[in-house]
Structure formats: structure tokens, C-alpha cells
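Notes to accompany the following structure.
The values are calculated or read from the model by the stated rules, or taken from the named source; none is laboratory data. Predicted model, so just to flag it, every value in this text is computed and none were measured. All Cβ positions, glycine included, derive from the backbone under ideal geometry; neighbour counts span all protein chains shown.
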Amino acid sequence: MVKQIKKNTKLEKKSKVVSKKSSKANKKAPIKKISVKFRREMEKTLMDMRRELLEDINNTMKTESNHLKFDVGDFYDNASSDRERELSLSLSQRDRQKLNMIEDALKRLESKTYGQCLMCKDLIVEERLRAMPFTMYCVMCLEEEESSNSG
């Protein structure tokens, strides 16, 4: 009976060692790369997004420059107009931030690191990249980051 217990303990230790080795091996496994076809698809998507954003920013700038040409009205009209301008400028700031993220994604495509999570270095799933082509993090790392920032 004692010999059987010792034998079982040795087997458990061996299985733990094997599982530890296999998990370490998984961590050192080479990172998969995204396909050339998918890279081209994402590059086109990012370029289209960049073009549309630049057009929107350009239109906003033109609208803002014409703002004072037709400045006729009372105090309330001016306040309403100023609030609309403020909102418009705020939205264009978001557009500029999004444009920066798109530019970063295009640089990652060029350096062949696109699709790789910046935190864990794992490959981001294609569905996530299609939904948000400029993302830098996999879902798990993003959730971890958000939970650490919220609490």
C-alpha cells in the first residue's frame, strides 16, 4: 500500500513537470503571422478609413472658417452657434485621434507587426481586426487593462 502511494506521488510529480514544460513550450512557440491576403485587405480598409477621415476633417475646417462670415443674430443665436462649433471641434478631435491610430496601424503593417497584441504579443483574431482595424490589443489584454484602470 505504501509502495502504491509512493508510485502515485511520483506519477503526479512527473505529470506536473510535463504540464509545466508544455506550458513553457507554448509560451515560446513562434508567433503566427497574418496572411498576405488579409494584410492587403486590412491595408485597403485602413487607407479608405484614413481618406474618409481626412475628408471629414477638411470639411469641418472649411465649415469652421466660414462661421464668422454669416455671424448675424442675438446673444442666444450666438451661444447656440458657439455650442455647435464646440461640439463640431470636439468631434473633429476624436477624428484626429482615430486618424493617429490608423496611421499607427499602417506603420505596424509596414513593419509586419500588425495584428500582434502589444501587451501579450499573441495574434489578435481576424474578426476583431475586421471590426476595429486599428486595434492594438487582443480582447483579453484590453479587458485586463480596462479592469485595472476602473478599479
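Based on this model, can you work out whether Arg108 counts as at pLDDT 85 or above and either at negative phi or in a helix (DSSP H, G or I) (or both)? Criteria met by Arg108. Residue-level check: of (1) in contact with a Lys or Arg (Cβ under 8 Å, 6 or more places away or on another chain); (2) modelled with pLDDT under 95, Ile102 misses just (2). Do we find that Arg96 is at pLDDT below 70 and in a helix (DSSP H, G or I) in this structure? So Arg96 fails the test.
Inspection of segment 18-41 identifies at least one residue that is farther than 24 Å from Lys121 by Cα, surrounded by 10 or more Cβ atoms within 10 Å (Cβ to Cβ) and modelled with pLDDT under 90.
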